[in-house]
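Peer 1: Can you keep this structure in mind? I'll have questions shortly.
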Amino acid sequence: MSEKKQMLLGLGFTGAYGANAKAWKSEGVNVTTYPDINADIRYAQLAEKGKFQFIFVGDFPGAIPDDNREVPSMTLEPIITATAILQQTKHIGVASTVHTQWNNPFTLARQFKGIDLMSGGRIAWNAVTGSSPKVAENFGVKLMDSRSRYESHYEFVETVQHLWATWGKDALKADKETGVFADYSQVKPVHISGKHIQANGALPIPPSPQGQPVIFHSGGSPNSIAFAGRYASAMIGEVWTIEQGIATRNALRQVAIDAGRNPDEIKFIAGLMPVVANSKREAIDRHASFMDENIVQQRAFHIGMILGISFTPEDLERPIAPELLDKVKIDRYSDPRAENVLKVAREGWTLRDIIYHSVIDYHPATLGDAKETADYLTEMFESGAADGFWILPDAYETDLKRFVEEVVPILQERGVFHEDYDGETLRENLGVPYQYGVDKRLS
Ligand SMILES: Cc1cc2nc3c(=O)[nH]c(=O)nc-3n(C[C@H](O)[C@H](O)[C@H](O)COP(=O)(O)O)c2cc1C
């Protein structure tokens, strides 16, 4: 194990064929794999080959795209996906999203604890409230206001953690000689009577090798940071600059300190959409093949808004005049992507190519050879802007392979990413402590 601090890597499972909604049309992708769990297993095994610590399975259940050229996002179902993957892998962990607003703590606690045992301690629960009114409708409920959402979220998560520890650490005896199967005096039912959550009962499942599942959270709002810094071991986020990453990570760490935790117990995971090719031009052209003309138009308009420039259709095919760029003012109220838009524009690309750089997207993108992506990750990590990254390849079949085969070895060579898994459990591989039950420091 290296003494040097090393980054974590996770694979974002946010689409059936890749992070890009157009991945299904891409060359090298077998279009018949929707919705085939064996394809997910294959991608997970590839990420494991690349020594990724985890897979993040996002979820907006039931959301249907507006555009009939797009595949519904997300996997079959996060718990089913995790179970199938963990049965067919040995080291990688899976962080699956389940919302607290319309699910039941007992069912969730039971499912995740069961998977944790089954996998030898490799599951995490990505605990989010659920913030989409459309998703709420699928469950026949109305979205709560933000304050109630988080109030009930805290109660839900604490109830789950209590349930995870109702079966005492040494309760299981299974002793044929004494005839004692279990010491039921060590099984302590929970009695929770919260404002939103009530629970009376016990979950008779012993600890897994990591004690209990890891808690993740995905988000970036002040509410998200306040929750994750207190309860989570990792926060899946989105940041566009080193400064934004440092500020988010520090805020998260400060919440952890205020709660009496060691700040190293919470890992900030930033997103990246890497496009690895033999050259920058090739990467730009590849990424462009995933972008319809209507997206190009929308993004041209968006870039115009950010820079305060109004573009004509002809402007798409020429660079933005340097005198116009010199007049652009960026301040703390600007879109966080503004700095990168300006940086790429100053390199002299046409407006179309600026758009193909994905300067306006869900996450930053790196386009070029493997070193370009490795440099970005190394710089972000070494500046303290993230503890790790969740990687969003356009198409899993092709782009993930290049990342694993070309970027990972560079990071390992530099000593900023591990050569192999250090531990057996997800907690060990994330570098967060064993936990069983609620964290005593938080009560
Ligand atoms: C990077 C990132 C990933 C997210 N993933 C999910 C997800 O998979 N499912 C979901 O329902 N919400 C997801 N969210 C939404 C957040 O959990 C959160 O609800 C949202 O950012 C709104 O903030 P609020 O809850 O404070 O209103 C994600 C947010 C971010 C920034």
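The values are calculated or read from the model by the stated rules, or taken from the named source; none is laboratory data. A quick note: this is a predicted structure, and the numbers were derived from the prediction, not measured. In this analysis, Cβ positions are derived from the backbone assuming ideal geometry, glycine residues included, and neighbour counts consider all displayed protein chains. Just the protein is used for accessible areas: all its heavy atoms, side chains included, with ligands, DNA and RNA removed. Shrake-Rupley method; radii C 1.70, N 1.55, O 1.52, S 1.80 Å.
Peer 1: Give me the accessible area of VAL31, 1.4 Å probe, in Å² rounded to the nearest 10.
Peer 2: Spelled out: VAL31, probe radius 1.4 Å, area about 70 Å².
Peer 1: Quick query: amide H of GLY168 versus all other amide H atoms, modeled in the peptide plane; which residues come in under 5 Å with a sequence gap of 5 or more or a different chain?
Peer 2: VAL187, LYS188
Peer 1: So what J values fall out for segment 393-410 if you push phi through Karplus, 6.51 cos²θ - 1.76 cosθ + 1.60 with θ = phi - 60°, rounded to Hz, Gly and Pro as x?
Peer 2: Per residue, the Karplus-derived 3J(HN,Hα) values read x, 3, 10, 4, 4, 9, 6, 5, 4, 5, 4, 5, 7, 10, 7, 3, x, 5 Hz.
Peer 1: Which lysines does LYS173 reach when only Cα atoms under 24 Å apart count, and residues fewer than 8 places away in its own chain are ignored?
Peer 2: Hits, sequence-local ones excluded: LYS113, LYS188.
Peer 1: I'd like the chymotrypsin sites (Phe, Trp or Tyr not before Pro) in segment 1-87 restricted to DSSP loop residues with at most 11 other Cβ atoms within 10 Å, sorted by number. It would help to have the intermediate numbers written out before the result.
Peer 2: Details: sites: PHE13, TYR17, TRP24, TYR43, PHE52, PHE54, PHE56; in loops: TYR17, PHE52.
Loop-located and lightly packed - none at all.
Peer 1: Leaving out ligands, DNA and RNA, and with a 1.4 Å probe, what % of the accessible surface on segment 280-356 is carbon or sulfur?
Peer 2: Details: 2440 of 4480 Å².
In segment 280-356, the share of accessible area belonging to carbon and sulfur is 54 percent.
Peer 1: Farthest toward the dipole's positive end in segment 280-356, which of ILE355, ASN340, MET305, given Cβ charges of +1 (Lys, Arg) and -1 (Asp, Glu) about the Cα centre?
Peer 2: It is ASN340.
Peer 1: Report the charge-dipole magnitude of segment 280-356 in Debye, nearest 20, computed about the Cα centre from +1 at each Lys and Arg Cβ and -1 at each Asp and Glu Cβ.
Peer 2: Details: 12 positive and 14 negative charges, 55 e Å.
The dipole of segment 280-356 has a size of about 260 debye.
Peer 1: Can you give me the orientation-averaged projected area of the convex hull built on the Cα atoms of segment 226-313, in nm²?
Peer 2: Working: hull surface 34.0 nm².
Approximately 8.5 nm², given one-decimal rounding.
Peer 1: Sticking with this one: Hey, what does the equivalent ellipsoid look like for segment 280-356, semi-axes from the Cα gyration tensor as sqrt of 5 times each eigenvalue, largest first, whole Å? Kindly include the intermediate steps, with their values, before the conclusion.
Peer 2: Working: eigenvalues 81, 34, 33 Å².
Over the Cα atoms of segment 280-356, the semi-axes work out to 20, 13, 13 Å.
Peer 1: Nearest 20 debye, what's the magnitude of the dipole of the chain about its Cα centre given +1 on Lys and Arg Cβ and -1 on Asp and Glu Cβ? Don't skip to the answer; put the middle values down first.
Peer 2: Working: 45 positive and 58 negative charges, 236 e Å.
That gives a dipole near 1140 debye.
Peer 1: Just how many pairs of Lys in segment 271-371 have C-alpha atoms closer than 24 Å, counting pairs that are eight or more places apart or on different chains? Intermediate results must be reported in sequence, preceding the final value.
Peer 2: Details: LYS280/LYS343; LYS280/LYS371; LYS327/LYS343; LYS329/LYS343; LYS343/LYS371.
So the count works out to 5.
Peer 1: Taking amide H positions as placed 1.01 Å from N in the peptide plane, with prolines and chain starts having none, which residues 5 or more places from GLN435, or on another chain, fall under 5 Å of its amide H?
Peer 2: So GLN435 has HN proximity to GLN212.
Peer 1: Using the Karplus equation 6.51 cos²θ - 1.76 cosθ + 1.60 (θ = phi - 60°), what ³J(HN,Hα) coupling, rounded to whole Hz, does each residue of segment 59-74 give in order, writing x for Gly and Pro?
Peer 2: 7, 10, x, x, 5, 10, x, 6, 10, 6, 9, 10, 8, x, 7, 6
Peer 1: Here's something else I'd like to know. Which whole-number percentage describes the relative contact order of segment 103-212, with Cα contacts under 8 Å and a sequence gap of 6 or more?
Peer 2: On the way: 141 pairs, mean separation 36.2, N = 110.
Result for segment 103-212 is 33 percent.
Peer 1: I need to check one value: relative contact order of the chain, counting alpha carbon pairs closer than 8 Å and at least 6 residues apart, in percent.
Peer 2: Values: 833 pairs, mean separation 98.1, N = 443.
So the answer I get is 22 percent.
Peer 1: When all C-alpha to C-alpha distances in segment 96-141 are sorted into bins of 10 Å, what percent of pairs does each bin hold, rounded to whole numbers?
Peer 2: For segment 96-141, the pair-distance distribution reads 26, 47, 22, 5.
Peer 1: Treating the beta-carbon of each Lys and Arg as +1 and of each Asp and Glu as -1, no other charges, what is the dipole magnitude of segment 236-311 about its Cα centre, to the nearest 20 debye?
Peer 2: 140
Peer 1: Amide H of GLY93: which non-local residues (sequence gap of 5 or more, or other chain) have their own amide H closer than 5 Å, using H built in the peptide plane?
Peer 2: Here PHE54, ILE55 satisfy the definition.
Peer 1: Which ³J(HN,Hα) values in Hz, rounded to whole numbers, follow from the phi angles of segment 5-19 under the Karplus curve 6.51 cos²θ - 1.76 cosθ + 1.60, where θ = phi - 60° and Gly and Pro get x?
Peer 2: Values per residue, Gly and Pro as x: 5, 10, 7, 9, 10, x, 9, x, 9, 10, x, 6, 10, x, 5 Hz.
Peer 1: So, one more: Which is farthest toward the positive dipole end of the chain among SER132, THR166, GLN210, measuring Cα position about the Cα centre, with Cβ charges +1 (Lys, Arg) and -1 (Asp, Glu)?
Peer 2: Checked the options; the winner is THR166.
Peer 1: Rounded to two decimals, what is the ratio between the C-alpha radius of gyration of the chain and 2.2 N^0.38 Å?
Peer 2: Working: Rg = 22.8 Å, N = 443, 2.2 N^0.38 = 22.3 Å.
Expressed relative to 2.2 N^0.38 Å, the Cα Rg reads 1.02.
Peer 1: Mind jotting down the distance between the C-alpha centroids of segment 68-83 and segment 144-215, whole Å?
Peer 2: Here the two parts' Cα centres lie 29 Å apart.
Peer 1: Which order do the peptides 126-139, 365-378 take when ranked by the mean count of other beta-carbon atoms within 10 Å per residue, highest first?
Peer 2: Values: 126-139: 17.8, 365-378: 20.9.
Result, highest mean Cβ count within 10 Å first: 365-378, 126-139.
Peer 1: With every protein chain present, what is the per residue accessible area of segment 280-356 (1.4 Å probe, Å²)? Mind dumping the intermediate values first?
Peer 2: Numbers: 4480 Å² over 77 residues.
I get 58 Å² per residue for segment 280-356.
Peer 1: Still on this structure, please answer the following. Write down the percent of antiparallel bridges among all DSSP beta bridges whose residues are both part of the chain, to the nearest 5. If you can, show how the numbers build up before the last one.
Peer 2: On the way: 9 of 46 bridges.
Of the beta bridges lying entirely in the chain, close to 20 percent run antiparallel.
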